[in-house]
1. How large is log10 I(q)/I(0) at q = 0.06, 0.08, 0.10, 0.15 Å⁻¹ when the Debye formula is applied to the Cα atoms of the chain, each weighted equally and without solvent?
2. About its Cα centre, what dipole magnitude does the chain give when the only charges are +1 on Lys and Arg Cβ and -1 on Asp and Glu Cβ, stated in debye to the nearest 20?
3. Stokes-Einstein at 4 °C, 1.567 mPa s, Kirkwood radius from Cα pairs: D for the stretch 17-165 in µm² s⁻¹?
4. For the chain, what is the relative contact order in percent, using Cα pairs closer than 8 Å and at least 6 residues apart in sequence?
5. So what's the projected area for the stretch 208-396, the Cα convex hull averaged over all directions, in nm²?
6. Which one, ALA74, ALA324, ALA128, has the greatest fluctuation when you compute a Gaussian network model over the chain with C-alpha springs under 10 angstrom?
7. For the cross-link pairs LYS31/LYS307; LYS223/LYS329; LYS8/LYS158; LYS178/LYS390, which exceed 27 Å when the distance is taken from alpha carbon to alpha carbon?
8. Report the residue, chosen from CYS292, CYS232, CYS70, that carries the largest GNM mean-square fluctuation when the chain is represented by alpha-carbon nodes joined by springs under 10 Å.
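We did not get these values from a lab; they are worked out from the coordinates using the rules stated. Note that the structure is predicted; figures quoted are calculated from it, not measured. Positions of Cβ are generated from backbone atoms using ideal geometry, with glycine treated the same way; all protein chains shown enter the neighbour counts.
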Amino acid sequence: MYAIIYLKKDREEALGRFHPWIFSGAVASVKGELREGEVVEVRSAAGNFLALGHYQAGSIAVRVLTFEPCRINAAFWFDALQRAYRVRQALQLTGNASTSAYRLVHGEGDFLPGLVIDIYGATAVMQAHSAGMFLAREEIAAALQKIYGGALQCIYDKSAATVPFKAGLAAQDEYLLKNTGTSGEEIIMENGRRFIVNWEAGQKTGFFLDQRDNRQLLAQYAKGRNVLNLFCYTGGFSVYALGGGAAAVHSVDSSPVAIALTLRNAGLNSAAAAPHQAFTTDAFEFLHRSPCHAYDLMIIDPPAFAKHTGALKNALQAYKRLNAAAFSKIAPGGIVFTFSCSQVVGKTEFRNAVFSAAVISKRRVRILHQLTQPADHPVNIYHPEGEYLKGLALLVE
């Protein structure tokens with residue numbers, strides 16, 4: 001039997017709208033012993049069944065797994081992961097010769113809050129963002145093997161940095177399945193381009209899959225242009241720009257490790273038809289030192305400036321300053337691809353920051369495309385917070 005959480009009177013409204021989070025302020029009482037990460041049953045003040053989910057100490061007390069009564073067991077995980085897999089089949093991402101990397105599970109977007117699984121060829125990389133998903137990792141790994149069979153050679157759990165530290169689970173990154181000779185690095189295909197992914201040492205799960213469609217779009221604008229890729233990480237946008245016929249590409253990142261991978265990825269795609277240079281330096285400083293009109297295509301894809309609401313004001317100021325500098329520097333007729341990956345920054349807030357930057361620059365700016373995350377990063381319609389990636393492709397005259 002699961003421990004039972006009873007909600008306060010009239011606090012079940014959000015669950016009636018299928019929102020997957022229950023906040024601690026809605027909890028009235030508990031029957032049984034609550035343990036961090038374990039499954040709990042949620043009931044209304046009147047005692048009616050509402051949901052099952054993972055309990056966790058903190059502001060979000062329960063992350064809902066299902067609104068139907070059932071057992072959270074091996075069969076549950078298999079069914080949930082198989083549904084996610086079938087969505088990727090429908091998106092023609094599985095068995096795709098030109099794209100071998102995709103997101104299989106996107107947390108709330110796949111009705112599995114707290115879990116991320118990325119597929120890199122024959123390797124699955126898992127990240128648990130909740131104690132409950134971390135405790136279920138072995139069952140999840142078993143379900144993955146059942147779904148993929150021999151096509152899956154490795155399962156790597158990279159949850160050490162994502163499991164809430166207050167849960168006291170002492171998570172360590174580890175292989176749950178490892179084929180002999182695995183090096184922690186693999187070459188993947190994305191839209192026919194090759195990239196090196198290192199899931200052991202890389203950021204997140206090793207590669208930013210969420211920009212796949214936006215990289216492809218950028219390639220359509222790259223021909224003959226001088227390109228500046230700020231916060232380039234491992235050079236995804238740079239490789240697409242070079243492949244799209246750019247006249248020259250400059251890649252900038254403060255991380256020497258990222259710059260080294262950028263150079264390897266550019267070489268891996270034989271993309272040296274155009275001059276490519278990589279700079280290990282601060283993106284703000286590089287942009288400030290750049291001569292006016294040196295570039296006519298810029299990519300601004302910074303890390304999350306705000307990871308919590310308390311940092312929102314400073315983040316919006318940073319977006320405004322960065323985009324204003326880009327608008328003032330870019331050549332007339334140039335295009336800026338600008339992004340925010342901060343979940344706490346809404347689409348309207350981000351656009352307002354970019355609008356303010358345009359006003360400061362006194363340039364004529366038009367929106368060509370409104371950009372977001374790809375279909376393998378789905379947004380649960382009942383959880384709009386899951387639409388974290390916001391972007392604009394802008395024409396600057």
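1. Log-scaled intensity ratios, in q order: -0.26, -0.46, -0.71, -1.34.
2. Numbers: 39 positive and 33 negative charges, 230 e Å.
Its charge dipole is roughly 1100 debye.
3. The calculation lands on 80 µm²/s.
4. Reported relative contact order: 11 percent.
5. Details: hull surface 40.5 nm².
About 10.1 nm², averaged over all directions.
6. ALA74
7. LYS31/LYS307; LYS8/LYS158; LYS178/LYS390
8. Of CYS292, CYS232, CYS70, the most mobile in the Gaussian network model is CYS70.
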